[in-house]
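Heads up: the structure comes next, in C-alpha cells.
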Amino acid sequence: SLFTYNYGDCRMSTLSVDNIIEKTSGAGVHIAGHVVQVSTFTQVNDLQTTINNSSSNTAITQVTNTITPKQAGSKFIVNLHTQIYAPSGQYLAMMIFRSVAGGGYSHTTNKPHAYPGNVGAWQDVEISIIDTPTYTLGQSISYRPYVYTYNTSATTYFGWGSSGGGSATTMFAMEIAQ
C-alpha cells in the first residue's frame with residue numbers, strides 16, 4: 001500500500017510491503033552496497049600452530065572459509081579473529097589469502113594485513129579486509145590465513161590452544177552487491 005501525506009510544501013510517501021518479488025525469476029533483488037549473503041561461520045576450537053619460518057608464508061589450513069557468489073562483480077568483506085603469541089622484539093605477519101574455483105591460494109593484497117606481537121604476551125587479533133576477486137558465477141571463493149615471522153629462533157603461536165578453558169579462531173565472509 002502507498003500512502004501520500006502533505007507536509008506544507010512537501011509531499012511525503014510511505015510504502016508498506018510484505019513481500020518484494022523479483023521481476024525475472026532467478027535474478028534476485030540487487031541493491032548496490034548491501035549484503036547479498038554471509039558465508040557459513042567457520043570456528044576452529046583450541047587451535048594452536050607453532051610458527052618458526054623466517055619470511056616463508058605458512059598456511060593455517062585448519063581455518064578455511066568458503067563462499068559461492070550469488071551475483072557477478074561483488075566485493076567481499078572477510079573477517080578473521082584469533083589469538084597470537086610472539087616474544088618481545090618478534091611479531092607475526094598475518095595475511096588473508098584467497099583461492100578461486102579450487103585454484104592455488106594467493107595474496108588478497110601484496111602486503112601483510114597485520115603485524116601483531118612484540119609484547120611477549122598473548123594478544124587477540126581481528127582482521128577485516130575488503131576483497132575484489134575475479135570470478136565467474138558458480139565458482140567458489142575460499143579464504144585462509146597465512147602467517148610468517150622474521151626470526152626462526154623465536155617460537156611464535158597462531159591460536160591460543162586449549163589451556164585455560166580453550167579458545168576459538170573464527171572466520172566469515174560477506175558478499176556485498178556492487
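Shown for the range 98-155 is the translational diffusion coefficient from the Stokes-Einstein equation, using the Kirkwood radius over Cα pairs, a temperature of 25 °C and a viscosity of 0.890 mPa s: 175 µm²/s.
Taking all protein chains together and a 1.4 Å probe, the residues Tyr135, Tyr150 rank Tyr150, Tyr135 from largest to smallest accessible area.
Descending by average beta-carbon neighbour count within 10 Å, the peptides 78-85, 160-167, 58-65 line up as 78-85, 58-65, 160-167, the highest first.
Accessible area per residue for the range 48-151, computed on protein heavy atoms with a 1.4 Å probe, is 45 Å².
Say R0 is 30 Å: what FRET efficiency, to the nearest 0.05, do Ala121 and Ala101 get from their beta-carbon distance? Computed FRET efficiency for Ala121 and Ala101 comes out at 0.15.
Checking [x] 61, 29, 22; [y] 72, 39, 30; [z] 69, 49, 22 against the coordinates, the calculated Cα extents along the principal axes in Å falls under label [y].
Once the Cβ-Cβ distance of Thr68 and Ser16 is raised to the sixth power relative to R0 = 30 Å, the FRET efficiency obtained is 0.35. For Thr109 and Val44, the difference between the fully extended length at 0.36 nm per residue and the C-alpha to C-alpha distance is 21.0 nm.
Magnitude of the charge dipole for the chain, about its Cα centre and with charges confined to Cβ atoms of Lys, Arg (+1) and Asp, Glu (-1), is about 340 debye. Can you tell me how the range 17-89 classifies by the Cα gyration tensor, rounded, prolate or oblate, using a/c under 1.5 as the rounded cut? Prolate, since a/c reaches 1.5 and a/b exceeds b/c. Using a 1.4 angstrom probe on heavy atoms only, work out the carbon and sulfur share of the accessible area of the chain in %. Roughly 50 percent, rounded to a whole number.
Listed by chain and number, the lysines whose C-alpha is less than 20 Å from the C-alpha of Lys23, apart from same-chain residues fewer than 8 away, are Lys70.
The values are calculated or read from the model by the stated rules, or taken from the named source; none is laboratory data. Predicted model only: the values in this text are computed from it and were never measured. Positions of Cβ are generated from backbone atoms using ideal geometry, with glycine treated the same way; all protein chains shown enter the neighbour counts. In case anyone asks, the SASA skips ligands and DNA or RNA and just uses the protein heavy atoms, side chains included. Shrake-Rupley method; radii C 1.70, N 1.55, O 1.52, S 1.80 Å.
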